[in-house]
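The structure appears below as structure tokens.
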Amino acid sequence: MSKAQLWKQRFFYGSTDLAGNLIWQIVGLYLLFYYTTVMGISPAFVGTLFFVVRIIDAFDGVVYGFLIDHTHSKYGKARPYFLWFGIPLGILTMLLFFNPSFGGNKVFQLAWISIVYTLFSLVYSGANTPITAILPSLTKDPDERTNLASARMVMTNIGTAVIGAISLPMVAKLGGKNAEKGWMIWGIFIGIAIIVLFLGAFANLREKDDIVDDSADAPEIKGHLSVGESLKGAIKNKPWVVLSLSFILLQTFWVIRMQTAVYYLTYVYRRADLVGAFNGLVIVAVIGNISIPFLSKFMKHRNVMILAMATFAIGEIIMSFKSIPLLFAGNVIALVAMGAAFSIAFVMIADTVEYARSEMHIDEPGILSSVPMVGAKLGMGFGGLVSGWLLTWGGFQATAKIQGAKALTAISTSFVWLPIILALLILVILFFGYKLDEDEIASAKAMKDDAGKLNEDA
């Protein structure tokens, strides 16, 4: 593949997660804030809604992964899902911020919000599970997989930075004094962008047919497994199990942090004017993204993640000191660390897929690649529940410009201290539990490929 083709593939692969994260970041950063302050819904209801929906659709990523493993089309296994679910996701994004008053009937309004949010979550999984599932099928070169994962997160964080920085100003510009109108128009713009990006990825990405070793002396690779066989194979994949738990915790603390950032600046610092700049700083996560191809040459993937978690905790601690310069400095450190963490996490998932193929002789990229979606859904559920109920416990009042001491404690706990605790827990889990050696797997696969070529030449 030429360099131009490689960069084209990296761009359109990255555009898939850019599309998904345009709305995911709005949901993570602002949906709790939108529901409670714009729509006037109680934080306890919103937190409970987030949690209940996560219970409903927590494992739909596994279902989509199973469907991907059993999909046979002229477009491949994972690629057609960008078409099938990208358009509905864009439409539901628009509906997420279109909330009729129903003549003031609060019951109908809450039912509408609940239905649209549930459908959005289910469709989001269908559009995003194939992003990770397709990675092992785009190339068999482990270095290029790292480059693809890095490109994915670079584009994701560029989009996230733009969304974080301009969403509130755009809502104000589009709606004027009518915040509800501004959010509705902004949702339409984002929905259209999502549709365009997913269609572009569908048109330009191609799955390779030669990823699985099919040489004469290669062991038989089991594919097209039943649901029970797929789940049994996943559970026996110990590195995948440990990584899954870590990813769920990663998404949980990241969602909690994202959802409470706007509260932290608005009520703890009383600087709502800094929210856009603060959230826009996520662009620095690109530094963490692009560091991964370099770091992975000198450190095992597990150790890169451990380093990222330790660095993130340091950044959060720095932010605990009430100083605007330290607030922004700590945020930069934490965001760079998270850029590295998410990039290496997707590489590690691909490692577990390769481990299943080379060591367990099972081909189930869809099921194994459902980790991010399951983690994201459970993380949003737990994160939303904790954030919502902590605000309620603290006596948060949406109409009050100044919150009580208990509410400020709840906000600070959500934004600073819970993320630190969970990040350090991930560090411990990976240090003691994750034993996969990607270098050994890559070497073994290279030897098999060389042997296969020699047999063909003979």
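The values are calculated or read from the model by the stated rules, or taken from the named source; none is laboratory data. As the structure is a computational prediction, the values presented were derived from the model and not from experiment. Cβ: placed from backbone, ideal geometry, glycine included. Neighbour counts: every protein chain shown. Just so you know, the surface numbers come from the protein's heavy atoms only, side chains and all, with ligands and any DNA or RNA stripped out. Shrake-Rupley method; radii C 1.70, N 1.55, O 1.52, S 1.80 Å.
Here are some notes:
- Listed values for the range 271-287 are Karplus-derived 3J(HN,Hα) couplings in whole Hz (6.51 cos²θ - 1.76 cosθ + 1.60, θ = phi - 60°), namely 10, 4, 5, 9, 4, x, 5, 5, 5, x, 5, 4, 4, 5, 4, 4, 4, and x replaces Gly and Pro.
- Taken over the range 1-114, the ratio of Cα radius of gyration to 2.2 N^0.38 Å equals 1.38.
- One decimal place: the segment ARG270-SER114 gains 53.0 nm when fully extended, by the rule 0.36 nm per residue minus the C-alpha distance.
- The mean sequence distance of close C-alpha pairs (under 8 Å, at least 6 residues apart), as a share of the length of the chain, puts its relative contact order at 27 percent.
- Residue-count net charge about ALA203 - beta-carbon cut-off 12 Å; Lys, Arg +1, Asp, Glu -1: +3
- Inter-label distance for LYS173 and LEU83, nm, one decimal - labels placed 7 Å from Cα along Cα-to-Cβ: 3.6 nm
- 0 to 90° range, to nearest 10: angle between helix 43-57 axis and the chain longest Cα axis: 20 degrees
- Karplus-based coupling profile of the range 331-336, in residue order and whole Hz: 5, 4, 4, 5, 6, 4, with θ = phi - 60° in 6.51 cos²θ - 1.76 cosθ + 1.60 and x standing for Gly or Pro.
- Separation between Cα centres of the range 53-110 and the range 401-429, rounded to whole Å: 31 Å
- LEU29 accessible area, 1.4 Å probe, all protein chains in place, Å² to nearest 10: 10 Å²
- For the chain, calculated [θ]222 nm from helices alone, where every DSSP H run of n ≥ 4 adds -39500 (n - 2.57): -25500 deg cm²/dmol
- Pairwise Cα inverse-distance average, inverted: Kirkwood Rh of the chain (Å): 22.5 Å
- Computed magnitude of the charge dipole of the chain (debye, nearest 20; Cβ of K, R +1, Cβ of D, E -1): 1940 debye
- Potential lengthening of the chain between ASP143 and ILE91 amounts to 15.1 nm, from the contour at 0.36 nm per residue minus the alpha-carbon distance.
- Extended-chain gain in nm, criterion 0.36 nm per residue less alpha-carbon gap, ILE166 and GLN397: 80.6 nm
- Cα shape, the range 225-300, gyration tensor, a/c 1.5 rule: oblate
- Between SER42 and TRP417, the simple spin-label model (points 7 angstrom out along Cα→Cβ) gives 2.6 nm.
- Probe 1.4 Å, protein heavy atoms only - accessible area per residue of the range 109-166 in square angstrom: 24 Å²
- Estimated from the Cβ-Cβ distance and a Förster radius of 51 angstrom, the FRET efficiency linking LYS406 and HIS72 is about 0.35.
- Listed pairs LYS106/LYS177; LYS8/LYS173; LYS8/LYS238; LYS77/LYS435; LYS232/LYS435; LYS181/LYS401 exceeding 25 Å between Cα atoms: LYS8/LYS173; LYS8/LYS238; LYS77/LYS435
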